[in-house]
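*Asks:* A single structure is presented below for examination.
The values are calculated or read from the model by the stated rules, or taken from the named source; none is laboratory data. Since we're looking at a predicted model, the values are computed, not measured. Note that we place each Cβ from the backbone using ideal geometry, even for glycine, and neighbour counts take in every protein chain shown.
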Amino acid sequence: MGKRAMDLRRWERRWGYLFIAPWLFSFVVLYLMPMIASLGFSFTDFNPATPDKASFVGMANWARAMFQDHEALASVGKTLAFIPICLAISFIFALAIAVVLNSRLLLGKSLFRTLFYLPTMIPVVASAIMWLGSLNAQTGWIDQILAAVTGLPLTGQKGIRWADSPGLIYFTYSLITLWGVGNTFVIFLAGLQGVPTELYEAAEVDGASWWRQMFRITLPMLTPVLFFNLIIGIVGLLQYFTVPFVINNGTGYPGGMSNFIMVYFYRQSFSYFNMGYGSVLAWMIFLIGLLFTAILFGTQKRWVYYAGDKR
Amino acid sequence: MKAGKRSRRGVKRALVILSVIVVLAAFLVPLIYGFAMSFKSVEQITSSYSAVLPRSPATIKLQGKDLELYYVPMPDGTTKALAAVEKTRASTTFADPADAMAAPLEWKGNWRTLKPVMKLDPHEENYSSAWNMISFPILLKNTFVYAFLNTIGILLSSSFVAYGFSRFKFPGKGPLFIIVMSTMILPSAVTLIPTYTVFQAIGWVGTWLPLIVPAFFSNAYNIFLLRQFYMSIPQEMDDAARIDGANPIQILYRIIIPQAVPALVAAGLFNFFYCWNDYFSPIVYLAGKSKLYPISVGLGMFSGMFSTRVALVQAATVMSCVVPVVIFFFTQRFFMQGVVVTGVEK
């Protein structure tokens, strides 16, 4: 018996490692080693055009990013300013859609679900172009619709300059991001459907209002889903790149507002090929992401509600 | 009492549906805009009479000439669509297209203040122009090759790795799986520069290889999705096959994979769309190799170069959406299921 159990354990171990071998290989070669290497690169002035001339520069790149290069710190600041705006807008929108699509009052739910999900299938580059066109102050429709609805003169010269005004640009980017909100609202919807109906029935008996049910039942029950989406959302937006790059080609227009850290990282590493310095920026992205993830995991006991014996 | 309650519910229901339709319409404005613009000529884009649909002034052939039609106010207070025979600043002579025999009518006032009669005039040739200018067949082929090979690689490797994580006990399995999950949220920048340097050293930069080969070593997202699905397949099926003398590889391919088809389809679709959408990796690894660009990069370049040719850019944009949107409509059930598995069960 003992020997057979030992054999079985060895057999399981051997096959287990065999099956995960492709992932183990990619983890070591494509994640672990490059991560360590990029930390090493950050102490050199490596440039792929002259790889032989790379030399050790100590903390110079880090000092430059932290204290001398205003653009580097500014890009961190812009990214950190954008993330809460964009997340708040996307989450409120996704939650609102999920709540309505979950409502017993709505007919044709699956059709609406498909149509709200549809823009998520549109490639991000294409969404950026369509949004930019419809937000154009001269020929776009959004200013014209707003003018027609509000009666204010918002077309032509007086049009709202969504993509050119530093004060509005993050709102504009957030609107474009709403076209990628499909996964979030589908996940919220699944979360809502998982809330036991007895809770609402009990609240109904107690005479709790719709809003009270929302804040006392629905939102607390959704916190696990919210937690997961918050992490994915923050890490995703730390790497916000395609939309500002397609619209403004990495120039930072308007007024440096689109100079996000990932855009700046790309510019330093793949336009100027300052890969030593680029590695510092990459590690800054990583460390900020790690910090946020740690904060969220550290505080999850206080605000994330896990029903039953899950965890 | 009861009827009142029911009708109140009906009103509520109508309000909910109406507000959802309004929000949906607002949400989809850019899509409708892009589609409408893609059919317009340069004049139609700037014309205030052609705000939504691609429309042009209607003309009619009268007395051997093409004459423009205008809505002219009549003395009796109605308006009538008439053809302008002779236009001057102070007055215009109109003919009635419905009644060619009638005497021409002279209308006092500037004809520019009159509303022209518009007719639908879509410029579908924008699509063929955009198709040729952007070399759409090459972009489409590149995107398909990239997305297809990458997806094959992901499915082969992830279905294999996921089996290891779902069925076998081995030392370090728990921590290793946590590492799998954390690579999901690892910013790609932190590994990019050394990876790029190695790919450059072996001559892969400027080819598709850096975009395709790593897929054959699996990725976290798909491992997780498939593992979740494998866990729902009873272990007894494996055990029965093992008693019949099958080894784990045979069990995976003969027993497990045939049952995991829905999950594989979902994983394959996610990955295919991810590749279709991917912009960052192609611009890093294919910079300057315009013959290898996938559609996302090609479209971005095109819109940058021809920003004044709104209709052509929008036509190319619409073309780039067709494949993912059509596939989505046919596969959405698999798709949403996959979103829920990865999003809720974590």
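*Asks:* Restrict the check to region A:75-82 and report whether at least one residue is crowded, with 17+ Cβ neighbours inside 10 Å, within 8 Å of chain B (Cβ to nearest Cβ) and either touching a residue at least 60 places away in the same chain (Cβ under 8 Å) or under 16 Å from A:V280 (Cβ atoms) (or both).
*Replies:* Pass one, region A:75-82, residues crowded, with 17+ Cβ neighbours inside 10 Å: A:75-76, A:78-79, A:82.
In the following step, the residues that additionally are within 8 Å of chain B (Cβ to nearest Cβ) were identified as none.
No - not one qualifying residue is present in region A:75-82.
*Asks:* Residues of region B:1-29 being of a type outside the set (G, A, S) and either more than 10 Å from chain A (Cβ to nearest Cβ) or in contact with a Gly (Cβ under 7 Å, 6 or more places away or on another chain) (or both), which ones? If you could, list the steps in order and put the result at the bottom.
*Replies:* Of all residues in region B:1-29, those of a type outside the set (G, A, S) come to B:1-2, B:5-6, B:8-9, B:11-13, B:15-18, B:20-24, B:27-29.
Once the filter is applied, which keeps residues that are of a type outside the set (G, A, S) and either more than 10 Å from chain A (Cβ to nearest Cβ) or in contact with a Gly (Cβ under 7 Å, 6 or more places away or on another chain) (or both), region B:1-29 yields B:M1, B:K2, B:K5, B:R6, B:R8, B:V11, B:L18, B:V22.
*Asks:* Moving on. Here is a list of conditions, (1) away from chain B (no Cβ under 13 Å); (2) touching a residue at least 60 places away in the same chain (Cβ under 8 Å), and A:A54 meets all of them except one; can you say which number that is?
*Replies:* Status for A:A54: all satisfied but (1).
*Asks:* Being more than 9 Å from chain B (Cβ to nearest Cβ), closer than 19 Å to A:G191 by Cβ and either at pLDDT 95 or above or assigned to a helix (DSSP H, G or I) (or both), is that true of even one residue in region A:116-130? Quick ask: steps written out before the conclusion?
*Replies:* At the first step, the residues of region A:116-130 found to be more than 9 Å from chain B (Cβ to nearest Cβ) are none.
No, there is no match, as no residue in region A:116-130 is more than 9 Å from chain B (Cβ to nearest Cβ), closer than 19 Å to A:G191 by Cβ and either at pLDDT 95 or above or assigned to a helix (DSSP H, G or I) (or both).
*Asks:* Can you pull out the residues in region A:10-39 that are of a type in the set (K, R) and farther than 25 Å from B:L226 by Cβ?
*Replies:* Here is the first cut: in region A:10-39, the residues of a type in the set (K, R) are A:10, A:13-14.
Once the filter is applied, which keeps residues that are of a type in the set (K, R) and farther than 25 Å from B:L226 by Cβ, region A:10-39 yields only A:R10.
*Asks:* Looking at region A:195-208, which of its residues are over 16 Å from A:P220 (Cβ atoms) and either under 35 Å from the mean Cα position of the chain (by Cα) or hydrophobic (A, V, I, L, M, F, W, C) (or both)?
*Replies:* If the condition is that a residue be over 16 Å from A:P220 (Cβ atoms) and either under 35 Å from the mean Cα position of the chain (by Cα) or hydrophobic (A, V, I, L, M, F, W, C) (or both), then A:V205 is the only one that fits.
*Asks:* Is there a residue in region B:274-284 that is in contact with a Pro (Cβ under 6 Å, 6 or more places away or on another chain), within 8 Å of chain A (Cβ to nearest Cβ) and either surrounded by 21 or more Cβ atoms within 10 Å (Cβ to Cβ) or of a type in the set (V, I, T) (or both)? Break it down into steps so the answer makes sense when it comes.
*Replies:* First pass over region B:274-284, keeping only residues in contact with a Pro (Cβ under 6 Å, 6 or more places away or on another chain): B:276-277, B:282.
From what is left, the residues that are within 8 Å of chain A (Cβ to nearest Cβ) are B:276-277.
Then keep just the ones that are either surrounded by 21 or more Cβ atoms within 10 Å (Cβ to Cβ) or of a type in the set (V, I, T) (or both); that gives B:276-277.
For region B:274-284, residues in contact with a Pro (Cβ under 6 Å, 6 or more places away or on another chain), within 8 Å of chain A (Cβ to nearest Cβ) and either surrounded by 21 or more Cβ atoms within 10 Å (Cβ to Cβ) or of a type in the set (V, I, T) (or both): present.
For every residue, the table says whether it meets (1) modelled with pLDDT under 85; (2) in contact with a helix residue (DSSP H, G or I) (Cβ under 7 Å, 6 or more places away or on another chain); (3) aromatic (F, W, Y).
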residue	(1), (2), (3)
B:F35	no, yes, yes
B:S38	no, yes, no
B:P73	yes, no, no
B:K80	yes, no, no
B:S91	yes, no, no
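*Asks:* Between A:S42, A:S26, A:S38, A:S55, which is exposed (fewer than 15 other Cβ atoms within 10 Å of the Cβ) and touching a Ser or Thr at 6+ places or on another chain (Cβ under 8 Å)?
*Replies:* On the way: A:S42 fails: exposed (fewer than 15 other Cβ atoms within 10 Å of the Cβ); A:S26 fails: exposed (fewer than 15 other Cβ atoms within 10 Å of the Cβ); A:S38 fails: exposed (fewer than 15 other Cβ atoms within 10 Å of the Cβ).
None of the others qualify; the one that does is A:S55.
*Asks:* Show me the helices (runs of 4 or more DSSP H) entirely contained within region B:188-265 in which 2 or more residues are crowded, with 20+ Cβ neighbours inside 10 Å. Give the derivation first.
*Replies:* Values: elements: B:189-201, B:209-212, B:220-231, B:235-243, B:248-251.
Where helices (runs of 4 or more DSSP H) fall fully within region B:188-265 and carry at least 2 residues being crowded, with 20+ Cβ neighbours inside 10 Å, they are B:189-201, B:209-212, B:220-231, B:248-251.
*Asks:* Ok, one more. From the residues in region B:103-129 that are of a type in the set (A, V, I, L, M, F, W, C) and surrounded by 12 or more Cβ atoms within 10 Å (Cβ to Cβ), which one is farthest from the chain's Cα centre (by Cα)? Walk me through it before giving the result.
*Replies:* Restricting attention to region B:103-129, the residues satisfying the condition of being of a type in the set (A, V, I, L, M, F, W, C) are B:103, B:105, B:107, B:111, B:114, B:117-118, B:120.
Add one more test, that the residue is surrounded by 12 or more Cβ atoms within 10 Å (Cβ to Cβ), and what stays is B:105, B:107, B:111, B:114, B:117-118.
Values: B:L105: 52, B:W107: 50, B:W111: 44, B:L114: 40, B:V117: 35, B:M118: 31 Å.
Among them, the one singled out is B:L105.
*Asks:* Go through region A:288-305 and give me each residue that's exposed (fewer than 12 other Cβ atoms within 10 Å of the Cβ) and hydrophobic (A, V, I, L, M, F, W, C). Working first, answer last.
*Replies:* Within region A:288-305, the first condition is being exposed (fewer than 12 other Cβ atoms within 10 Å of the Cβ), and the residues that meet it are A:291, A:294-295, A:298-299, A:301-303.
Passing the criteria: A:L291, A:A294, A:I295, A:W303.
*Asks:* Any chance region A:287-307 includes a residue that's in a loop (DSSP other than H, G, I, E, B), within 20 Å of A:G77 (Cα to Cα) and either out of contact with any strand residue (DSSP E or B) (no Cβ under 6 Å at 6 or more places or on another chain) or modelled with pLDDT of 95 or more (or both)? Step through it out loud before you land on a result.
*Replies:* Of the residues in region A:287-307, the ones in a loop (DSSP other than H, G, I, E, B) are A:304-307.
Narrowing the set further to residues that are within 20 Å of A:G77 (Cα to Cα) leaves none.
No, because not a single residue in region A:287-307 is in a loop (DSSP other than H, G, I, E, B), within 20 Å of A:G77 (Cα to Cα) and either out of contact with any strand residue (DSSP E or B) (no Cβ under 6 Å at 6 or more places or on another chain) or modelled with pLDDT of 95 or more (or both).
*Asks:* Look at region A:151-202 and say how many of its residues are away from every other protein chain (no Cβ under 14 Å), surrounded by fewer than 16 Cβ atoms within 10 Å (Cβ to Cβ) and assigned to a helix (DSSP H, G or I).
*Replies:* Final tally of qualifying residues: 9.
*Asks:* Which condition from (1) free of Cβ contacts under 8 Å to residues at least 24 places away in the same chain; (2) in a helix (DSSP H, G or I); (3) surrounded by fewer than 17 Cβ atoms within 10 Å (Cβ to Cβ); (4) small (G, A, S) is the one that A:S103 breaks?
*Replies:* The failed condition is (2).
*Asks:* Just need a number here: residues in region B:156-179 that are touching a helix residue (DSSP H, G or I) at 6+ places or on another chain (Cβ under 8 Å), surrounded by fewer than 22 Cβ atoms within 10 Å (Cβ to Cβ) and aliphatic (A, V, I, L, M).
*Replies:* The number of residues fulfilling the criteria is 3.
*Asks:* For B:L192, indicate whether it is of a type in the set (A, V, I, L, M, F, W, C), out of contact with any Gly (no Cβ under 6 Å at 6 or more places or on another chain) and facing chain A (nearest Cβ under 7 Å).
*Replies:* Values: of a type in the set (A, V, I, L, M, F, W, C): yes; out of contact with any Gly (no Cβ under 6 Å at 6 or more places or on another chain): yes; facing chain A (nearest Cβ under 7 Å): yes.
Criteria met by B:L192.
*Asks:* So, one more: Quick one: which of A:R13, A:R9, A:R4 is under 29 Å from B:A215 (Cβ atoms) and either within 12 Å of chain B (Cβ to nearest Cβ) or not acidic (D, E) (or both)?
*Replies:* Step by step, each of A:R13, A:R9, A:R4 is checked, and only A:R13 is under 29 Å from B:A215 (Cβ atoms) and either within 12 Å of chain B (Cβ to nearest Cβ) or not acidic (D, E) (or both).
*Asks:* Can you tell me which residues in region A:211-253 are small (G, A, S) and either assigned to a helix (DSSP H, G or I) or surrounded by fewer than 17 Cβ atoms within 10 Å (Cβ to Cβ) (or both)? Before the answer, list the steps.
*Replies:* Looking only at region A:211-253, we keep the residues that are small (G, A, S), and these are A:233, A:236, A:250, A:252.
Answer for region A:211-253, where residues must be small (G, A, S) and either assigned to a helix (DSSP H, G or I) or surrounded by fewer than 17 Cβ atoms within 10 Å (Cβ to Cβ) (or both): A:G233, A:G236.
Okay, residues lined up against (1) within 9 Å of chain A (Cβ to nearest Cβ); (2) more than 30 Å from B:Q44 (Cβ to Cβ); (3) crowded, with 20+ Cβ neighbours inside 10 Å:
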position: B:R309; (1), (2), (3): no, no, no
position: B:V318; (1), (2), (3): yes, no, yes
position: B:V322; (1), (2), (3): no, no, no
position: B:I327; (1), (2), (3): yes, yes, no
position: B:R333; (1), (2), (3): no, yes, no
